[in-house]
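The values are calculated or read from the model by the stated rules, or taken from the named source; none is laboratory data. Computed from a prediction, not measured in an experiment: that's the story for all the values here. Glycine gets a Cβ as well: all are built from the backbone with ideal geometry, and neighbour counts include every protein chain shown.
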Amino acid sequence: MKRLISILTLIFMSASLITATAEPWDSPSYKAQLTGEYINVYNWGEYIADGSEGTLDLNAEFTRRTGIKVNYTNYASNEDMYAKLKSGGATYDVIIPSDYMVQRLINENMLEKINFDNITNFHYIDDRYKNLAFDPTNEFSVPYTVGMVGLIYNSEMVSEAPDSWTAMWDEQYSGDILMFNNPRDAFAISQFVLGLSLNTHTPDDWALAYDKLLEQKPLIQSYVMDEIFNKMENNEAILAPYYAGDFLSMKDNNDALEFVYPKEGTNYFVDAMCIPKGTQNKTAAEMYINFMLEPDIALENAEYIYYASPHVEVINNPDYSLYQNPVIYPDAETLANTQIFEDLPTETMQVMTNYWDELKIDGYDYTTYYVCFGAAIIGVIALTIYRNHKKHKYDYD
Amino acid sequence: MKKSSSLWARLCAAPYIVWMIIFIAAPLLMVAYYAFTDAAGNFTLKNIVALDGYAGIFIRSIWYGIITTIISLIIAFPFAYAISQKSTKYQSTMIMLLMVPMWMNFLIRTYSWMNILSDNGIINTALKAIGFAPIEMINTPGAVILGMVYNFMPYMVLPIYSVISKMDRNIIEAAQDLGCNKLKVITRVVLPMSVPGIVSGITMVFVPSVSTFYISQKLGGGKYDLIGDTIERQFQTSYNYNLGASISLVLMILLLVCMAFMNTFTSDDEEGGIVI
């Protein structure tokens, strides 16, 4: 009997050993093969648990588990990343662009197809975030984080809690409204108010949205992006649109701030891991992507980043500090009332940016400038004539 | 005077010439190329024609540039003159103090101004504490001009100071002997003799303030964008390199005209000015 138990235990142990070695990085042969290699990861700034604030340093952990070194660099915007990639000045193995940029990269044939046989953890991704419009067959991208835009307001300074984007057109808040300083996000708000699609290709729709923004311009305190943090935390503005995850860090510094998903709907973004063409080490890149989807790793990362995770094990983990947080994980009704940015064709982009330029230029009376400028020119001409006159006088003297 | 340059001298100059061709001439040619082509690379004047929509911004940028230059000159000339009258040690300390803030990045300095000028910033908090009504400073044209004066004024002080400090003291004494009072010494002797410094100072303040960006976005709240911001937007968010290039090209031509005009104030034999 004793013998049987020990044999059973042995079998059990070896079985558990086998399940443990199922992960590619625990197999010694894999490790030997990839140890000393490195991958280049190109991500947004402060967008990975890096060991600060008591988190796990995920890149170091990846190296520890696989022996692959991570060469990690940052970018500030999708556009920066795109420019760098397009210029061909550097090669990357993993990049993490947003939805519309993924679509553009796919359209321009700049991404490698991911071998999903190597992404064994892909089943952890919530079905909601699979096969999205930017990658309909889900061959090129693996969702990393999800975020939504909402309306942040200062509960002590509003007359009543807003529930609609139209609060940003309310004259009583004139001079206390902050607005996105980039065309796509700013137009999105106007499009929600008007009930238009964010991805419309019709120039007339953009014209309507532009008129709405122009109408709003006199009420705007400033067009800003990350200054929103400072201004909202210091009670310098009452209303501002921003991302849910960032609202939580503002709320830490100013308890009067509240957040609402406006009833007209809002847009959400998905940042997804992709492998660009020209990768030097596709297998290692796929291992990195798979590693990011490990339940414990994804949890560490979600705790650090504060945006919503597309990972079901994280979402449903009661130990997660944002478990069922209504701001980060809103109810199904809010989630249903959302749109995602798609890549716009060049002509539509042109229409949008021309309107944005006009918005930045319009709405002011330039007469004063013209008058002053005219006066300055006349002054300069007078000065020149006077100098010439004086010169001639000296010449004759 | 002119010597025919030896082979050795030419070899020494070669790296600089190559450098200038690659990093100055080639980019300028690319700007011109983009300005006159469309996205597909075909010749077009569309980008230049489209500029009439940006006339207001051009005028505003130039006007702000003029204001900035005038304010800088009004502050910088007396300052440069005053320090040049002090002992050498005092002079070097003052110039040092002028330079120290420039060791910091101008983005950081501009960001600090945001905190100083904002509605709940240092100035307004102080005003409220002593019972005055707060003043609206941030997000106004005044804030933009303040930011530009603050950032670019040292470029006005330095050339003026270098001209005044090199001035022959005997000339000033001669003027005094011939009956000039202090004011007349300045207006009749120091001021005319420092014209080369003033001209290069004006150029060095006017050019960057017309083409500046960021300051106007941060201190003007994105509502008083200048031509620099517009150019930046064409490249960063609109991907309209062609329009961006044509705005840049026209801006460069305008600035060249301005500088050519300023240079008529300095005759060739005068020294101390910076030839641009």
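Some notes on this structure:
- All positions within segment B:215-246 that are surrounded by fewer than 24 Cβ atoms within 10 Å (Cβ to Cβ) and more than 10 Å from chain A (Cβ to nearest Cβ): B:Gly228, B:Ile231, B:Glu232, B:Tyr241, B:Asn242, B:Gly244, B:Ala245
- Some residue of segment A:346-358 being part of a loop (DSSP other than H, G, I, E, B), closer than 30 Å to A:Val102 by Cβ and in contact (Cβ under 8 Å) with a residue 60 or more places away in the chain: no
Per-residue answers, yes or no, for (1) of a type outside the set (Ser, Thr, Tyr); (2) within 23 Å of B:Ile138 (Cβ to Cβ):
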residue: A:Leu194; (1), (2): yes, no
residue: A:Asn199; (1), (2): yes, no
residue: A:Thr202; (1), (2): no, no
residue: A:Asp205; (1), (2): yes, no
residue: A:Glu215; (1), (2): yes, no
residue: A:Tyr223; (1), (2): no, yes
residue: A:Phe229; (1), (2): yes, yes
residue: A:Asn235; (1), (2): yes, yes
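- Which listed residue, of A:Lys231, A:Lys263, is surrounded by fewer than 18 Cβ atoms within 10 Å (Cβ to Cβ) and basic (Lys, Arg): A:Lys263
- Out of A:Thr348, A:Thr367, one residue alone is more than 20 Å from the chain's Cα centre (by Cα) and surrounded by fewer than 16 Cβ atoms within 10 Å (Cβ to Cβ). It is A:Thr367.
- Some residue of segment A:276-288 being under 24 Å from A:Glu156 (Cβ atoms) and either among the charged types (D, E, K, R) or more than 14 Å from every other protein chain (Cβ to nearest Cβ) (or both): no
- Once segment B:165-190 is narrowed to residues that are touching a residue at least 40 places away in the same chain (Cβ under 8 Å) and in a helix (DSSP H, G or I), the residue that is farthest from the chain's Cα centre (by Cα) is B:Ile186.
- B:Val199 surrounded by fewer than 18 Cβ atoms within 10 Å (Cβ to Cβ), modelled with pLDDT of 90 or more and assigned to a helix (DSSP H, G or I): no
- Restricting B:Asp52, B:Asp38 to residues that are out of contact with any helix residue (DSSP H, G or I) (no Cβ under 9 Å at 6 or more places or on another chain) and within 14 Å of chain A (Cβ to nearest Cβ) narrows the list to B:Asp52.
- Any helices (runs of 4 or more DSSP H) falling wholly within segment A:1-83 and containing at least 2 residues that are modelled with pLDDT under 70 and within 22 Å of A:Pro295 (Cα to Cα): A:2-21, A:28-34
- Breaking point among (1) of a type outside the set (A, V, I, L, M, F, W, C); (2) assigned to a helix (DSSP H, G or I); (3) buried (at least 20 other Cβ atoms within 10 Å of the Cβ), for A:Glu303: (3)
Rundown of residues vs (1) in contact with a Phe, Trp or Tyr (Cβ under 7 Å, 6 or more places away or on another chain); (2) under 14 Å from A:Phe341 (Cβ atoms), yes/no style:
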| position | (1), (2) |
| --- | --- |
| A:Phe134 | yes, yes |
| A:Ser141 | no, no |
| A:Gly150 | yes, no |
| A:Ser159 | no, no |
| A:Trp165 | yes, no |
| A:Asp170 | no, no |
| A:Tyr173 | no, no |
| A:Met179 | yes, no |
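- Subset tally (residues that are in contact with a Leu (Cβ under 8 Å, 6 or more places away or on another chain) and of a type in the set (A, V, I, L, M, F, W, C)) for segment A:360-390: 0
- The residue that is farthest from the other protein chains (Cβ to nearest Cβ), counting only those in segment A:331-349 that are in contact with a helix residue (DSSP H, G or I) (Cβ under 9 Å, 6 or more places away or on another chain) and polar (S, T, N, Q), is A:Gln339.
- Qualifying residue in segment B:79-90 (condition: among the basic types (Lys, Arg), more than 14 Å from every other protein chain (Cβ to nearest Cβ) and in contact with a helix residue (DSSP H, G or I) (Cβ under 8 Å, 6 or more places away or on another chain)): yes
Yes/no matrix, rows are residues, columns are (1) in the same structural domain as A:Glu53 (by TED's automatic domain parsing); (2) crowded, with 20+ Cβ neighbours inside 10 Å; (3) under 25 Å from A:Tyr100 (Cβ atoms):
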| site | (1), (2), (3) |
| --- | --- |
| A:Lys277 | yes, no, yes |
| A:Lys282 | yes, no, yes |
| A:Met287 | yes, yes, no |
| A:Asp296 | yes, no, no |
| A:Tyr307 | yes, yes, yes |
| A:Pro310 | yes, yes, yes |
| A:Pro318 | yes, no, no |
| A:Leu335 | no, no, yes |
